[in-house]
Structures are given as C-alpha cells and as structure tokens.
Amino acid sequence: MFFSKKFKSEKKIIHCFFSRKGGISTGIYESLNCGYGSNDAKKNIKKNREIALKKININSSFLATVNQKHTNKVQIINHANYLKKMEADAMVTNDKNIALGIFTADCAPVLFFEKKKNLIGAAHAGWKGAYSGVLENTIKKILKLGGTKENIHAAIGPHIGKLSYEVGEDFLSKFIAQNKEYKVFFTIKGNKNYKYLFNLGEFIKYLLKKANIGSVEIIQYDTFSESNQFFSYRRSLKHGYNDYGRCLSVIKLNL
C-alpha cells in the first residue's frame, strides 16, 4: 500500500495506491490482482477488491470503474451511472458515497482532489492517454463541477520507471512532432542513437504543472523492476506470459 503525503494529510479523502500483495490469486496473478480485464478467475478478482477496499474502510459495492482503453475520455460519475461500465480512462465525482478505482500495470494512476469544492478524480495515464490529453480533460471535468485550478492537487502513483522504459525512434518522433519541448523526457540508451529511455512520470508531472493546478506529487517506484511489489505489462511480455495482473488505485471523499 502506497500513499501520497499530501493526500494523507487531507482528512476529507481516503486514498491508496495498492501493491500486488495481500490477495488470493495465484500464478502470474499473485496475489492482489484487481483487474477484470485479466483472465484470472472472476471470484478471485472480486475477493481481491473486497480485501483491498476493506483495508481502507471502503465498501466494495460503491467502487466505480470504467472500461479503460488508453483514451482521453473522462466520465462524470454519480449515483445513477456508477455501476455502468462506460468506456473512459478517467473519472470525476462529487458524490461522497462513491469510490473511484483505476487499474494499472506500468501506466500511471493519477488521483486528484479539489479541496474547496470537495471534488475527486482518478485517471489511467499511460503514454497514449497522457499524450492525447486525458489529464487535461480530467481537470476540465473537475472545473465543470465547480472546482478551481489552484485548489486541485494531483498524486502520480507507481508506474514504469525511466530506466525500464525503452522506446524506439518512431516513439520519440511522435512526441517531438507534437511539442519539441517533449524531447527532455527522452535519453539516448547507451551509444545507440535509435534506442531511448522515456520518463513517463516526469512527462505526466510536466503536463499537470503546465495546467497550473495547485500541486503535483510523484510516488517514485518502478513497476517493471520491482516485481515483488507490482504487476507489469512490459515485464510480462519480456517473460513470455500471455496475460498480467492489475494493481488498484482508489480515491473517495470522506465527508
């Protein structure tokens, strides 16, 4: 279990970035796999979610999730729609009874709290989502609910680290074509000028700071290299596995 220092000090919210530890799943899903997108037994996933949420005193019946597709879509969640599996990669709500849950395995979970109007958000930010605007769109939805930028605080959870994120020249070119400033998030790997290391966390932090919100915090853990703590899509590919588990990140108002 991992926490934002800033959010931990806020009594109006409950949050957690869960590790892969403490569940009942076995094999490549060991042990706290919370993603129905995996091929793990559904009963295990359901139990794992219950185990995780019980640790932070949240009823799993009120967990809202979305069908994550690496998009920039954001849904406003309320009592009428929180059980619907809508396609999106981020959610916002002002409902104190609803917990927002995001699943990741190398991508970054990003949690938001607007402390004046008591608004929360949760985003699934891999490179595709971050590149196409999921973070900015989440902030826009918080503003739509009455929030203000200076009162929005964001926490970036564990994600794949720079030293583990090797990409090719085509990947770099795509980013540079959008904004030349993005080059700073790439480092040439060794002496090869066609292989690069991408800093996803700092890229996300840059986008959030550019949006002029109140504060941004990064929780620095590498999901790829720390196999005992986290699930990793890229690590699973490297080992030839045909599937992988997902870690859960949650935020809920505590009013």
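The values are calculated or read from the model by the stated rules, or taken from the named source; none is laboratory data. For clarity, every value in this text was computed on a predicted model and none was experimentally measured. Quick reminder, even Gly has a Cβ in these numbers, built from the backbone with ideal geometry, and neighbours come from all protein chains shown. The protein model used for the area step is the full one, side chains on, heavy atoms only, and it has no ligands, DNA or RNA in it. Shrake-Rupley method; radii C 1.70, N 1.55, O 1.52, S 1.80 Å.
Below, the figures for the structure above:
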{"quantity": "Among the candidates Lys84, Lys69, residue that is at negative phi and either surrounded by 16 or more Cβ atoms within 10 Å (Cβ to Cβ) or out of contact with any strand residue (DSSP E or B) (no Cβ under 6 Å at 6 or more places or on another chain) (or both)", "calculated": "Lys84"}
{"quantity": "Ala155 out of contact with any His (no Cβ under 6 Å at 6 or more places or on another chain), part of a helix (DSSP H, G or I), closer than 23 Å to Lys205 by Cα and in contact (Cβ under 8 Å) with a residue 40 or more places away in the chain", "calculated": "no"}
{"quantity": "Checklist (1) touching a Phe, Trp or Tyr at 6+ places or on another chain (Cβ under 7 Å); (2) open to solvent by less than 40 Å² (accessible area, probe 1.4 Å); (3) under 21 Å from Leu143 (Cα atoms) applied to Asn97, failing item", "calculated": "(2)"}
{"quantity": "Filtered residue count, segment 210-230, keeping only those that are open to solvent by less than 30 Å² (accessible area, probe 1.4 Å), of a type outside the set (A, V, I, L, M) and in contact with a Leu (Cβ under 9 Å, 6 or more places away or on another chain)", "calculated": "1"}
{"quantity": "Enumeration of residues in segment 190-209 that are in a helix (DSSP H, G or I) and touching a residue at least 40 places away in the same chain (Cβ under 8 Å)", "calculated": "Leu200, Gly201, Glu202, Phe203, Ile204, Lys205, Leu207, Leu208"}
{"quantity": "Of the criteria (1) under 21 Å from Asn137 (Cβ atoms); (2) among the hydrophobic types (A, V, I, L, M, F, W, C); (3) without any contact (Cβ under 8 Å) to a residue 24 or more places away in the chain; (4) open to solvent by 40 Å² or more (accessible area, probe 1.4 Å), which one Ile76 fails", "calculated": "(3)"}
{"quantity": "Residue among Leu172, Leu237 that is among the aliphatic types (A, V, I, L, M), surrounded by 16 or more Cβ atoms within 10 Å (Cβ to Cβ) and assigned to a helix (DSSP H, G or I)", "calculated": "Leu172"}
